[in-house]
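Colleague: Would you mind keeping the following structure in view while I ask a few things?
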Amino acid sequence: MFWCRIGSGIREIRAHKLRSFLSLFCVMIGVCSLILTLSFMEGLFESYSVMMRELGGLNKITIFNDDVPESQRFFRGIAPQCNLEDVHALSSFKPEVIRVSPEISLDTVITRNGKVFRGKALGCTPEIFEVERVQEDKGRLLKSFDIESSGNVIFLGALAYRDLFSPRESIEGSFVNVNGIPFEVVGKSKYYKVYPEEEEDPYGGSLPKKNKIVYIPLTTVRRKLTSKNDLTSIQIQIRDITQIRETVKAIENIMKITHKGIHNFNIETLEEYVRQFEKIKKGFMIAGFSIGGITLVIGGIGIMNLMLASITERIREIGVRKALGAWDSDIFIQFISESIMLSVLGGGLGLILSIYLIDLLKKIIVEYPPILNYSTLVIGFSFSIIMGVLAGIYPALKATYLDPIEALRYE
Amino acid sequence: MPLIEFKKVSKIYKMGSERIKALDEVSFLIEEGDSIAIRGSSGSGKSTIMHLLGFLDQPSSGSIQFEGTEFSSLNSRERAVIRSEKIGFVFQSFNLLPRLSVLENTLLPYVYQRHPESKVLERAHTALNKVGMGNRLNHLPNQLSGGQKQRAAIARALLNNPKIILADEPTGNLDSKTAAMILEIFESLHHEGRTIVLVTHDPLVAGHCHRQMIVKDGKIESMELR
């Protein structure tokens with residue numbers, strides 16, 4: 001019995017092909033634009049969270065040397081820079097601090113067989129690979145025995161390898177000159193990128209810092225490459241990001257003790273970025289849902305218009321159906337199901353269209369490409385059904401409350 | 001017990017501030033197996049009687065009983081059930097649904113049956129054969145002549161095996177030759193024992209019925225036997 005009614009609805013849609021197509025088109029565009037907007041937002045959020053992760057994650061805190069503040073200018077002479085004493089003190093702050101990575105940053109010129117690479121070398125300990133999430137692509141990372149023996153070993157970032165080696169050349173047993181001193185290459189890192197379709201480029205793409213750097217044991221740098229003993233920065237991995245403010249406070253206190261109370265350091269977290277991003281995200285959500293919502297409303301108006309026209313044409317039919325014993329509810333169900341059918345058809349077409357479009361756009365748009373989630377499709381489709389119901393209620397009620405006598409007389 | 005009894009039934013329409021008395025205390029009986037023509041000029045009140053007989057409208061005062069059931073005791077759903085089970089409608093303009101085939105149009109009352117009977121296809125075929133449309137099952141209404149449309153509409157009215165067939169100017173849109181054929185069908189249905197009510201302005205058409213009820217100005221002017 002239900003199918004009898006659906007059947008007549010499908011015939012109505014087919015009988016007015018252009019009119020139905022125009023309404024379906026509205027719904028299709030509506031659903032498609034909602035899904036596209038949500039997918040672009042999803043892509044934006046995903047790219048951002050990949051970037052955050054590749055930069056070391058939220059649980060990374062960086063301490064830099066800073067000028068002595070004006071109020072403490074008399075202590076300028078005795079103010080220590082970041083040093084291993086700080087590292088030692090920070091390491092003992094357990095369990096909040098998981099790892100401490102001391103770093104000396106150094107401008108270097110690296111050469112090999114006439115090829116040159118200019119960039120930052122980082123004197124470091126194995127901790128840095130954990131803190132910055134760097135992995136070997138070939139060979140191995142720096143190990144603690146490299147630090148203890150202050151060996152002439154170097155771990156190359158992807159761009160340094162690219163500049164110093166021929167493509168696919170093995171690093172095994174190869175040496176490079178760092179500021180004129182030979183170093184053995186023990187490994188190279190993979191190329192890091194944020195966007196899945198991103199191509200490798202000579203400037204490091206979306207993560208230039210991470211791709212450009214080379215790593216040398218801290219002890220080696222201090223003995224053989226620089227006369228300065230001080231650290232450039234200290235990176236700290238903490239346990240609990242929900243406690244980040246308290247932990248930063250505690251770290252500041254520790255640093256003040258080791259720095260004789262002089263505040264010549266700067267503590268940086270990614271928290272501020274995150275807070276800004278949350279704001280942007282909220283804006284995007286509102287904008288996205290408004291755009292999608294408005295287009296869907298337009299689709300709904302299209303359906304309502306079609307239904308009203310269709311009912312005016314079928315007033316007699318409604319009269320006949322009532323004379324033949326249709327209840328008010330039968331008439332209501334007949335027309336609301338026709339409206340839902342239109343929106344489901346339009347919604348379905350919208351889903352298919354958006355799947356193809358997103359597939360296409362993914363190939364064209366490299367940065368912040370859209371990401372299609374299963375849940376987005378579900379949201380888009382349910383929106384179209386809800387809209388079909390809402391757009392159908394008024395026309396269906398209008399049909400339901402027609403006076404059968406008037407309806408049968410209608411010319 | 002009469003099939004239908006009208007007791008002092010009045011119907012008053014309000015047109016703005018004006019009150020128009022379409023029916024004025026009309027009383028009559030229709031027995032089972034009756035064949036009656038309700039005749040009158042336009043505006044006489046015959047259509048109002050027809051709508052009341054078909055449970056499509058409600059009286060302003062008076063009592064209508066169908067097989068002893070008082071009209072006013074029924075809600076709109078129960079009235080719809082009576083329309084579906086006991087009354088077969090035939091209209092002047094046929095009122096076939098344009099997108100449905102002859103067979104589907106005939107099956108339409110089945111959609112709204114609350115206690116669906118079995119063998120509905122068989123019954124549809126029987127009804128269509130009876131009116132001589134058994135060979136046009138899959139035609140659409142716009143592929144049929146006027147007479148054929150009315151035959152299909154009669155078959156539709158017969159599907160649920162109703163107690164009474166209400167025909168409102170069934171030959172009004174047909175030429176006289178076709179009209180005669182349609183009236184023949186009504187006569188043969190009457191001979192089968194069905195109750196037929198024809199509403200018409202045409203004395204020739206009314207003459208095919210057993211009784212004629214002549215309506216004028218909302219009142220029954222006369223009741224004639226053939």
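Colleague: Tell me the accessible surface of B:THR69 in square angstrom (1.4 angstrom probe, heavy atoms of protein chains only), to the nearest ten.
Modeller: My reading of the accessible area for B:THR69 is about 50 Å².
Colleague: Whats the longest run of chain A with zero chymotrypsin sites (Phe, Trp or Tyr not before Pro) that are DSSP loop and have at most 11 other Cβ atoms within 10 Å?
Modeller: After excluding every exposed loop site, the longest remaining stretch is A:1-202.
Colleague: How much mean residue ellipticity at 222 nm does the protein assembly as shown get from its helices, if each DSSP H run of length 4 or more adds -39500 (n - 2.57) and you divide by all residues, to the nearest 500 deg cm²/dmol?
Modeller: Computed mean residue ellipticity for the protein assembly as shown: -15000 deg cm²/dmol.
Colleague: What does the structure give for B:157-163 when I average, per residue, the other chain Cβ atoms found within 10 Å of the residue Cβ?
Modeller: Per residue, the number of nearby Cβ atoms from other chains is 1 on average.
Colleague: Work out the mean other chain Cβ neighbour count within 10 Å for the residues of B:106-119 and drop it here as an integer.
Modeller: Shielding by partners across B:106-119 averages 3.
Colleague: Would you kindly state how much longer the chain becomes between A:VAL109 and A:ILE364 on full extension, computed as 0.36 nm times their sequence separation minus their alpha carbon distance, in nm to one decimal?
Modeller: 88.1 nm
Colleague: Taking each residue of A:324-337 in turn, how many C-beta atoms of other protein chains fall within 10 Å of its C-beta, and what is the average?
Modeller: So the per-residue partner count for this stretch is 4.
Colleague: Below 15 angstrom from the Cβ of A:ASP240, what's the summed charge of the other residues (Lys, Arg +1; Asp, Glu -1)? Don't jump to the answer; show the numbers that get you there.
Modeller: Working: positive: A:LYS60, A:LYS94, A:ARG99, A:ARG239, A:ARG245, A:LYS249; negative: A:GLU96, A:GLU246, A:GLU271.
Local net charge: +3.
Colleague: Take the alpha carbon atoms of the range B:25-85, find their center, do the same for the range B:147-226, and report the distance between the two centers in whole angstrom.
Modeller: Cα centroid of the range B:25-85 versus Cα centroid of the range B:147-226: 16 Å apart.
Colleague: Nearest 10 degrees is fine. How inclined is helix A:17-54 to the longest principal axis of chain A, computing both from alpha carbons?
Modeller: Orientation of helix A:17-54: about 20 degrees from the principal axis.
Colleague: Is there a quick way to get the dipole size of the range A:60-269? I mean about its Cα centre, with the Cβ of Lys and Arg at +1 and of Asp and Glu at -1; what is the value in debye to the nearest 20? Please list the in-between numbers first.
Modeller: Working: 30 positive and 29 negative charges, 72 e Å.
The dipole magnitude comes to about 340 debye.
Colleague: Compute the separation of the alpha-carbon centres of the range A:347-396 and the range A:205-236 and state it in Å as a whole number.
Modeller: 48
Colleague: Here is a follow-up. Roll a 1.4 Å probe over the protein chains and send me the accessible area per residue for the protein assembly as shown in Å². Intermediate values should be presented prior to the final figure.
Modeller: Details: 30370 Å² over 637 residues.
With the other protein chains kept in place, the protein assembly as shown gives 48 Å² per residue.
Colleague: What does the charge dipole of the range B:4-225 about its Cα centre add up to, to the nearest 20 debye, if the Cβ of each Lys and Arg holds +1 and the Cβ of each Asp and Glu holds -1? If you can, show how the numbers build up before the last one.
Modeller: Numbers: 27 positive and 25 negative charges, 115 e Å.
Using only the charged Cβ atoms, the result is roughly 560 debye.
Colleague: Quote the relative contact order of the range A:60-269 in percent (integer), defining contacts as alpha-carbon pairs under 8 Å separated by 6+ residues. Please report the intermediate quantities before stating the final value.
Modeller: Values: 408 pairs, mean separation 77.7, N = 210.
The value is 37 percent.
Colleague: What does the convex hull of the Cα atoms of the protein assembly as shown come to per residue, in Å³, rounded to a whole number?
Modeller: 245
Colleague: Compute the FRET efficiency between A:GLU200 and A:LEU390 as 1/(1 + (r/R0)^6), taking r as their Cβ-Cβ distance and R0 = 51 Å, and round to the nearest 0.05.
Modeller: So the FRET efficiency works out to roughly 0.55.
Colleague: At 1.4 Å probe size, put A:THR247, A:THR258 in order of accessible surface, largest to smallest.
Modeller: Ranked list, largest accessible area first: A:THR258, A:THR247.
Colleague: Per the Kirkwood formula on distinct C-alpha pairs, the Rh of the range A:60-269 is how many angstrom? Before the final figure, lay out each step's value.
Modeller: Working: mean 1/r = 0.0549 Å⁻¹.
After inverting the pairwise mean of 1/r, the radius is 18.2 Å.
Colleague: Also, quick follow-up: Using DSSP to call loops (not H, G, I, E or B), can you name the GluC sites (Glu not before Pro) in the range A:1-102 whose Cβ has at most 11 other Cβ atoms within 10 angstrom? Mind dumping the intermediate values first?
Modeller: Working: sites: A:GLU12, A:GLU42, A:GLU46, A:GLU54, A:GLU70, A:GLU85, A:GLU96; in loops: A:GLU96.
The qualifying sites: there are none.
Colleague: Tally Lys and Arg at +1 and Asp and Glu at -1 over the other residues with C-beta under 15 Å from the C-beta of A:ILE358: what net charge comes out?
Modeller: Working: positive: A:LYS362, A:LYS363; negative: A:GLU42, A:GLU46, A:GLU197, A:ASP359.
Residues close to A:ILE358 contribute a combined charge of -2.
Colleague: Restricting attention to the range B:133-193, which GluC sites (Glu not before Pro) occupy a DSSP loop and are surrounded by at most 14 other Cβ atoms within 10 Å?
Modeller: Counting only loop positions with at most 14 other Cβ atoms within 10 Å, the GluC sites (Glu not before Pro) in the range B:133-193 are B:GLU192.
Colleague: Also: Could I get the Rg over Rh figure for chain B? Both from C-alpha atoms, Rh via Kirkwood, rounded to two places. Working shown, then result.
Modeller: Working: Rg = 17.3 Å, Rh = 18.0 Å.
My calculation of the ratio gives 0.96.
Colleague: A follow-up question, please. For the range A:102-143, rounded, prolate or oblate, judged on the Cα gyration tensor with a ≥ b ≥ c (square roots of eigenvalues), a/c < 1.5 rounded, else prolate if a/b > b/c?
Modeller: Oblate, since a/c reaches 1.5 and b/c is not below a/b.
Colleague: Here is a further query. Provide the solvent-accessible area of B:ARG151, counting protein heavy atoms only and rolling a 1.4 Å probe, rounded to the nearest 10 Å².
Modeller: 40
Colleague: Helix A:328-364 versus the longest principal axis of chain A: what angle, 0 to 90°, nearest 10, using Cα atoms?
Modeller: Here the helix axis deviates by roughly 30 degrees.
The values are calculated or read from the model by the stated rules, or taken from the named source; none is laboratory data. Remember, predicted model here, so these are calculated numbers, not experimental data. Note that each Cβ is placed from the backbone with ideal geometry, even for glycine, and that neighbours are counted across all protein chains shown. Heads up: the accessible areas ignore ligands, DNA and RNA and are worked out on the full protein's heavy atoms, side chains in. Shrake-Rupley method; radii C 1.70, N 1.55, O 1.52, S 1.80 Å.
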